[in-house]
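The values are calculated or read from the model by the stated rules, or taken from the named source; none is laboratory data. Values in this document were obtained by computation on a predicted structure and should not be read as measured data. Neighbour counts run over all protein chains shown; Cβ positions are idealised from the backbone, glycine included. Keep in mind that these areas ignore ligands, DNA and RNA; they rest on the heavy atoms of the full protein, side chains included. Shrake-Rupley method; radii C 1.70, N 1.55, O 1.52, S 1.80 Å.
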Amino acid sequence: ARENRKLRRSQSVEPGAGKAARDALKAPARRGEMPDPLGSGQLRALLTRLGLILAGVWILFGSVAGFVSSSTWRAVLIAIPVLLTGAAAAILIWTLRQAKSARGVASILSGVETDEDRKAALQKLEAGFKKDDTAAIFAKAQLELQEDPRKALKTLEFINLAKVMAPVADEARGQRAMIHLTLGEVGQARQLVDNIDLSRHQDARTRAMLASVASEAWARSGDAKKASETLSLFDPEEAAFEQIRPQLYRALAYAAAYASDLPSMRRALRKLLAQDARLLGGFINKKTHPLLQKEARKMLEQSGQVPKRMVVQRKV
């Protein structure tokens, strides 16, 4: 609650996003999407951890109970793993329900291609899921992001960071921070990412996505060394990171620019240009590092893919 109040105060003076910021967030040139908070990787990891913990508990208490002569103590020792197993089963059932909800949301999003599809998907999410369903909230924000980033931020704020599971809270912080960064609101993004704990995310893609968002915020708020060290743990060219590769290279470009590492900055920008020239458009605004702005504009002009409107603005 304190974290949400602090963020709302910092957003009270709201700079205009502008058409360029909105365009940078729209598909297909928008940045990598956050994976489902309850994906198959997390589910497998949860099952493995629960299984190992329960096996250890049963072995320990069962062994002790075998050497106890009192029937009362034996019953107590057996009751403890029974209760823990019941609690674990309840957690597992809740998790599977969340996973089912996430799959239902994913099926709705998979059919979205046009503005009409997007409106229909939003209506299905409103009608078919509870207000506090985190999977539905993430999906709704993703759809709203293409039209109005401010509205997407408000939707994501419905997720109570203090009540949801820690990994889900981290992903909500990551999504919100990503939008703030695209809008040039580095301070708000930094507040969010400083509360993300990468070590509690088992899925490599999720961890890399959160690391890229956090690293961009760190770099742009004066901690380029921390950003570079974090990003060095991930290879953007790995197959597992294909969908979030633009976000990783974007973060690398910012980290290199703020560290005055021009060769690395240019290498990251060339990688983005090779994927989609529009990915460099987000660097051509007044809130970007001057080196990035200059180099991105230069690369776009040399590639011949820079919009005429952008060239005219430069001449004015």
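Using 1/(1 + (r/R0)^6) with R0 = 51 angstrom and r between the beta carbons of L84 and S264, what's the FRET efficiency to the nearest 0.05? The partial results should precede the final answer.
Details: r = 50 Å, r/R0 = 0.98.
Once rounded, the FRET efficiency stands at 0.55.
Under the simplified labelling scheme, the L92-R200 pair shows an inter-label distance of 2.3 nm, with each label point 7 Å from Cα along Cα→Cβ.
Residue-wise HN-Hα couplings along region 131-143, as the Karplus relation 6.51 cos²θ - 1.76 cosθ + 1.60 with θ = phi - 60° gives them from phi, are 4, 9, 6, 5, 4, 5, 5, 4, 5, 4, 5, 4, 6 Hz; Gly and Pro carry x.
Normalising the Debye intensity of region 48-160 to I(0), with uniform scatterers on Cα atoms only, and taking log10 at q = 0.16, 0.18, 0.22 Å⁻¹ returns -0.76, -0.87, -1.11. Extending 7 Å from the Cα toward the beta-carbon at both F158 and E113 defines two label points whose distance is 2.8 nm.
Annotation: aspartates and glutamates with alpha-carbon distance below 14 angstrom to K286 (same-chain offsets under eight excluded): E185, E295. Model label points for D132 and A166, set 7 angstrom from Cα along the Cα-to-Cβ axis, are 2.1 nm apart.
Throw me the Rg/Rh for region 170-227, computed over C-alpha atoms with Kirkwood Rh, two decimals. Intermediate values should be presented prior to the final figure.
Working: Rg = 10.3 Å, Rh = 11.0 Å.
A ratio of 0.94.
Among the trypsin sites (Lys or Arg not before Pro) found in region 123-177, those both in a DSSP coil and sparsely packed, with 10 or fewer other Cβ atoms within 10 Å of their Cβ, are K130, K131, K163. One decimal place: the segment Q123-S71 gains 12.8 nm when fully extended, by the rule 0.36 nm per residue minus the C-alpha distance.
Just subtract the alpha-carbon distance of K294 and Q275 from 0.36 nm times their residue separation and send over the number in nm, one decimal.
On the way: separation 19, 0.36 × 19 = 6.84 nm, distance 1.95 nm.
Full extension from K294 to Q275 adds 4.9 nm.
Report Rg/Rh for region 166-316, rounded to two decimals, where Rg is the Cα radius of gyration and Rh the Kirkwood radius.
0.97
Taking D194, D223 and ordering them by how much accessible surface each has at a 1.4 Å probe, largest first, produces D194, D223.
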